[in-house]
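Report on one structure; see the data block that follows.
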Amino acid sequence: MRRVVVTGGGTGMGLATATRFAADGDEVLIVGRRKEVLEKAASAAPEKITPFVADLTRSDDVARLAGTFAEDPVDVLVNCAGGLVKQSGGGELADAVEQYRRTLDANLVSAMALTEALWPSLRRPGARIVSISSIAAQRGGGGAYSAAKAGLHGWSMGIARKGGPDQITANVVAPGYVQDTEFFGEAGRSGRHDALVGETLVGRAGRPEDIAGTVHFLCSDDASWITGQVISVNGGAYLS
Ligand SMILES: NC(=O)c1ccc[n+]([C@@H]2O[C@H](COP(=O)([O-])OP(=O)(O)OC[C@H]3O[C@@H](n4cnc5c(N)ncnc54)[C@H](OP(=O)(O)O)[C@@H]3O)[C@@H](O)[C@H]2O)c1
């Protein structure tokens, strides 16, 4: 039994990842801002999945979450929370800058802060950290979102260096288009669905389970020599 933290674990890829670990008998804490969403997700495996309500852009929430692990080691941290942040206001420069900052907070600073806060609690040797970025980090097109996700790449490489002596690995999974998540809203799929599927070599959208499987592998013993990497999981939509 491992102790696993999955941010964004109430929906989409995070939920698929939490479910995958729980099926192994691991204890999984899922983190998000919406209590009812987390509780519904946890009800699928109530003895294995525990909800924790927190806004990871708030350092007091991050500290409160880390405090629950003051005595227990964390085996796996999956930084999955994030998404698109819309610009509000009248289109002034200040509105754009606000959207940049909120996007960086939601997708990059949140992962950095939680990893920092949990660092003393990570199991030594052998903890695993996986952060979810995006194909948008690799080929652009997402403005501040691309910048935030690309930031995860460089930051995670540094974490891999820091954790190496303790056999702690840190990797990034960069998904392409994954349907059946809340990323594109309630429909669970992009308005550009056909075009995005057409960009893949295998002719289909990703499923949350595709990402969960890769994350699960990166957290296995078989992946103990994989660290500091960015793993593309995108059906061939971007070749690397
Ligand atoms: N779907 C895609 O095609 C795609 C492609 C590439 C990368 N990604 C990335 O994959 C990750 C998972 O997204 P998904 O596709 O599974 O979409 P999703 O269903 O929208 O999942 C995102 C999760 O993050 C949580 N979250 C967002 N901001 C948070 C915050 N400040 N504090 C705590 N939790 C927060 C959300 O829950 P609450 O709203 O309840 O907080 C939600 O459960 C995201 O980082 C996303 O950017 C998605």
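The values are calculated or read from the model by the stated rules, or taken from the named source; none is laboratory data. Predicted, not measured: the structure shown is a model, and the values here were computed from it. Cβ atoms come from the backbone with ideal geometry, glycine included; neighbour counts cover every protein chain shown.
Might you let me know whether the range 39-54 holds any residue that is crowded, with 18+ Cβ neighbours inside 10 Å and under 14 Å from the mean Cα position of the chain (by Cα)? Taking every residue of the range 39-54 in turn, none turns out to be crowded, with 18+ Cβ neighbours inside 10 Å and under 14 Å from the mean Cα position of the chain (by Cα). When Thr169, Thr214, Thr200 are screened for being touching a residue at least 12 places away in the same chain (Cβ under 8 Å), touching a Gly at 6+ places or on another chain (Cβ under 6 Å) and among the polar types (S, T, N, Q), only Thr200 passes.
Reported count of residues in the range 116-140, each being in contact (Cβ under 8 Å) with a residue 24 or more places away in the chain and more than 15 Å from the chain's Cα centre (by Cα), is 11. Filter the range 57-101 down to the residues that are under 23 Å from Val230 (Cα atoms) and near the ligand (Cβ under 9 Å from one of its atoms), then identify the one that is farthest from the chain's Cα centre (by Cα). Only one residue fits best here, namely Leu84. Every test in (1) under 15 Å from Leu77 (Cα atoms); (2) touching a residue at least 60 places away in the same chain (Cβ under 8 Å) is passed by Ile159 save one, and that test is (2). Taken together, the residues in the range 163-191 that are surrounded by fewer than 22 Cβ atoms within 10 Å (Cβ to Cβ) and either closer than 12 Å to Ile129 by Cα or under 15 Å from the mean Cα position of the chain (by Cα) (or both) amount to 5.
Taking into account only those residues within the range 1-34 that are under 20 Å from Gly188 (Cα atoms) and in a helix (DSSP H, G or I), which is farthest from the ligand (Cβ to nearest atom)? The extreme case among them is Thr19.
Return the residues of the range 176-212 that are at pLDDT 95 or above and of a type in the set (A, V, I, L, M, F, W, C); say none if nothing qualifies. Val178, Phe183, Ala195, Leu196, Val197, Leu201, Val202, Ala205, Ile211, Ala212, listed by residue number. Within the range 122-162, being surrounded by fewer than 21 Cβ atoms within 10 Å (Cβ to Cβ) and touching an Asp or Glu at 6+ places or on another chain (Cβ under 7 Å) holds for Arg123, Arg124, Pro125. Is it the case that the range 183-192 has a residue that's acidic (Asp, Glu) and either away from the ligand (no atom under 12 Å from the Cβ) or without any contact (Cβ under 8 Å) to a residue 40 or more places away in the chain (or both)? Yes: one or more hits.
The number of residues in the range 161-180 being within 11 Å of the ligand (Cβ to nearest atom), touching a Lys or Arg at 6+ places or on another chain (Cβ under 9 Å) and outside any strand (DSSP E or B) comes to 3. Residues in the range 25-56 that are without any contact (Cβ under 8 Å) to a residue 40 or more places away in the chain and closer than 15 Å to Val4 by Cα: Gly25, Glu27, Val28, Leu29, Ile30, Ala42, Ala45, Pro46, Glu47, Lys48, Thr50, Phe52. The set of residues in the range 216-240 being assigned to a loop (DSSP other than H, G, I, E, B) and surrounded by 18 or more Cβ atoms within 10 Å (Cβ to Cβ) consists of Cys219, Thr227, Asn234, Gly235, Ala237.
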